[in-house]
Amino acid sequence: MHEQWHISGGRIVDPASGRDEVADIYLCDGRIAANPVAGCDAVRKIDAEGLVVVPGFIDPHVHFREPGDESAESLSSGSIAAARGGFVMVAAMANTRPPVDSPESVREMRRRSGACRGADILLCGCLTLGRRGEEVADIAGMVHAGILAVSDDGSTVGDLSVMRDAMVAAKACGIPVLDHAMAAELSTGGVVREGGASALLKLRGIPASAEASIVERDIELCGETGCRVHIQHVSTREAVELLRAAHRNDLPITSEVTPHHLCFTDEDLMSVGTSLKVNPPVGSSQDRESLLNAVSEGMIQAFATDHAPHCMEAKSKGFLDAPFGAIGLETAIGATYSAVVMAGKLDLMRWIQMWTSGPASILGLPVPSLSVGMPADIAVLDLESDWTVRSSEFRSKSRNTPFEGRTLRGRAIHTFRNGVRVWP
């Protein structure tokens, strides 16, 4: 006998089927049902009147710090933080210590993540051994061990030949290359975006060309190899224009944008501080507007948090010495709903798609759906209430959020993974 959930009176919004109606659904034996199911007992009910029931969200880009820095985030704490944010699956990058760059390390990470009780943790492997950018990792072996993509995120493969070889290997395995587009020769030593704010703060800036030059290279290699290429955390007008041209040429290239790049500009650095020191840096108001327009046009396929936890001590060292990165799993719904739906850039259906079928398509996962018989991966959202961000309430171990004290609209109330409630 299996526990059954009855979610009643919610607005069901499912991009996969186009469904948008107030109705009841049941969850039993890990699947979605339209009616009570014989054989399921202990029915538990959620009154979802005024709430929105959606497929559970997928984050294609997170950093958990296990192994190497579990004090900032463990797999367990990250998994629960994700569930609290409405996520049922997250793709963890490979820049741990040691990095996930071999079949053996993939198997060890699968063993560790399998014990987590929140969102499922999907694994990416390194593009190159040790993320050094010198020698392509055993991509085929890691795919066999369980990765679904490769990325040296946190650094960029600068050697053109090595990057091409990695794309050829990834293409042969049927997985995408996820690239952190940032030319080291243009960005080393920079801590914020080059521009008015960097001059005012007297900090070395990272020019927009550092991102654009790598995006241009990746587009060329994508066309040559046929490898699926995904540009992570797009942040500049120049990159948007390059990607727009690539789409006109029907290349298999996709991209993502983060909540912090949609919500902040370099003018916010002085008031927010090092919680907004991220890589790539937040840009100008023109960059932000270009990203919002690209989202509205459908030219960017997914949102991603780039959840990057750091302890308070590290983040309090000032712009020169603090590490790059901001957490984002527990603010993602409110930040993006406020920035794009309330601002009229996307309708509700398309916003949900950017957190569900968009990331799924990029990662080669089945399209999430609320259709009867599908896995019961569900989030129940309150999109009518404002809330104030207080990082002290987070389930993440870290507190480095640029949204501290801000008022957002929208958050997850319940999250189910395979029919099991993983939040609250």
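The values are calculated or read from the model by the stated rules, or taken from the named source; none is laboratory data. Note that the structure is predicted; figures quoted are calculated from it, not measured. Heavy atoms of the whole protein, side chains included, go into the accessibility calculation; ligands, DNA and RNA do not. Shrake-Rupley method; radii C 1.70, N 1.55, O 1.52, S 1.80 Å.
Among the lysines of the chain, pairs that are 8 or more positions apart or on different chains and have alpha carbons within less than 22 Å of each other number 8. With just the Cα atoms defining each centre, how far is region 214-285 from region 288-330? Give it in Å. One Cα centre to the other: 11 Å. In the set [x] 18.7; [y] 22.7; [z] 20.9, the label that goes with mean projected area of the Cα convex hull in nm² computed for this structure is [x]. For the chain, find the longest principal axis of its Cα atoms and tell me its angle to the long axis of helix 75-84, 0 to 90°, nearest 10. Value to nearest ten degrees: 60. Computed from Cα atoms, the angle from the helix 237-248 axis to the main principal axis of the chain rounds to 70 degrees.
Estimated at the nearest 10 Å², the accessible area of SER357 is 20 Å² with a 1.4 Å probe.
Remark on ARG31: its backbone amide H falls under 5 Å from those of ALA376, a criterion applied only to residues 5 or more positions apart or on other chains, H modelled at 1.01 Å from N.
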